[in-house]
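Report on one structure; see the data block that follows.
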Amino acid sequence: MASDKAKFPFMPGMAPGADPAHVGDMMQGMMRAQAKMMDAVLRQSIEALDFIKARYEKDRALYAALAAAGDAQASAKVWTDFMQRATSDYADEAGRLSALAAVTTEQVIEGVTEEVKAATGGAPRKGKA
């Protein structure tokens, strides 16, 4: 119906006869869900970037230690120690990112569920963000 489209030009999927007072609630619920999902994704990105920064600092220290090594045996020890620490660091980070990915997935699923509820006129959960 043309009159329904005129009422809700920004919400083409809005059911005819929908209460205009609920449009704000639906939009707020959808924004809250989007914010929850983006928070989870950005938290995971920040963790990865923090790890990369720390690894780069350790890589810089490696080159300084290699330059200071007096002979081939000392250089080999620097490389061996570096590789052992790097392997441990990557294994630890993989564990952290795996745990964070599980939380992120849970939050994204919750956010999508809330967004669908909000978009279909269901009551968004208040206070969850």
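Which FRET efficiency, nearest 0.05, do residue 74 and residue 41 yield, Cβ-Cβ r, R0 30 Å?
Efficiency at R0 = 30 Å is approximately 0.10.
Seen from all sides and averaged, what is the projected area of the convex hull of the Cα atoms in segment 22-119, in nm²?
Seen from a random direction, the Cα hull of segment 22-119 projects 6.8 nm² on average.
Apply the Karplus parameterisation 6.51 cos²θ - 1.76 cosθ + 1.60, with θ equal to phi minus 60°, to every residue of segment 41-47 and state each ³J(HN,Hα) to the nearest whole Hz, in sequence, with x for glycine and proline.
The phi angles translate into 5, 5, 4, 5, 5, 4, 4 Hz.
Mind listing the phi-derived Karplus ³J(HN,Hα) values for segment 98-103, rounded to whole Hz, using 6.51, -1.76 and 1.60 with θ = phi - 60°, and x for any glycine or proline?
Listing the rounded values in order: 5, 5, 5, 5, 5, 5 Hz.
Would you mind ranking 36, 58 so that the residue whose beta carbon has the fewest other beta carbons within 10 Å leads the list?
Exposure proxy ranking, most exposed first: 58, 36.
Please list 3J(HN,Hα) in residue order for segment 52-65, calculated via the Karplus relation 6.51 cos²θ - 1.76 cosθ + 1.60 where θ = phi - 60°; whole Hz, with x for glycine and proline.
Ordered by residue, 3J(HN,Hα) equals 4, 4, 4, 5, 4, 5, 5, 5, 4, 5, 4, 5, 5, 5 Hz.
Coordinate-derived values only; no laboratory data. Keep in mind that this is a model prediction, so the values were computed, not measured. Cβ coordinates were reconstructed from backbone atoms using ideal geometry, including for glycine residues, and neighbour counts include every protein chain displayed.
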